[in-house]
Amino acid sequence: MTQDVVFEAVRRNVLEVLPDLTPQDVSMKGTLTDLGANSIDRADVVTMTMEDLGIVVPISDFQSVHDIRSLVELLKKHV
């Protein structure tokens, strides 16, 4: 699975959790917090994306996630 496919899954879930955003608002450069996501929103995006991709990532692996790019890279490793 490519990075683009994983990113599109993340973007789709961000837009579901934060419906006031547009697809153009979500890029690899930003953070979920920058987009207005609180901790529950961030957890929802991650959980929904893992379900969509059919993966499970240990919580401890998320310590290195600081932006959308690092989230996509982490999820891609587990696909």
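Listing for the model above:
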| quantity | calculated |
| --- | --- |
| Farthest positive-ward along the chain dipole, Cα basis, beta-carbon charges - from PRO23, VAL79, MET50 | VAL79 |
| Per residue accessible area in Å² of region 21-79, where ligands, DNA and RNA are left out and the probe is 1.4 Å | 61 |
| Per-residue HN-Hα couplings for region 62-79 [Karplus 6.51, -1.76, 1.60; θ = phi - 60°; Hz; x = Gly/Pro] | 7, 4, 8, 8, 10, 8, 5, 4, 5, 5, 4, 5, 5, 4, 4, 4, 9, 7 |
| The chain, accessible surface, carbon-and-sulfur percent (1.4 angstrom probe) | 51 |
| Unit charges on C-beta of K, R, D, E only; dipole of the chain, Debye | 240 |
| Peptide ranges 33-42, 54-63, 20-29 listed from the most packed, as the mean C-beta count within 10 angstrom indicates | 33-42, 20-29, 54-63 |
| Surrounding net charge for VAL17, when Lys and Arg each add one and Asp and Glu each subtract one, Cβ distance under 9 Å | -2 |
| The chain, helix-only ellipticity at 222 nm - DSSP H runs n ≥ 4, -39,500 (n - 2.57), divided by all residues, nearest 500 | -16000 deg cm²/dmol |
| Cα pair distances exceeding 17 angstrom across the chain, given as percent | 36 |
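The values are calculated or read from the model by the stated rules, or taken from the named source; none is laboratory data. What you are looking at is a predicted structure, and each value in this text was computed from that prediction instead of being measured. Cβ sites come from the backbone with ideal geometry, for glycine too, and all protein chains shown count toward neighbours. To get the accessible areas, we keep the full protein, side chains included, count just its heavy atoms, and leave off ligands, DNA and RNA. Shrake-Rupley method; radii C 1.70, N 1.55, O 1.52, S 1.80 Å.
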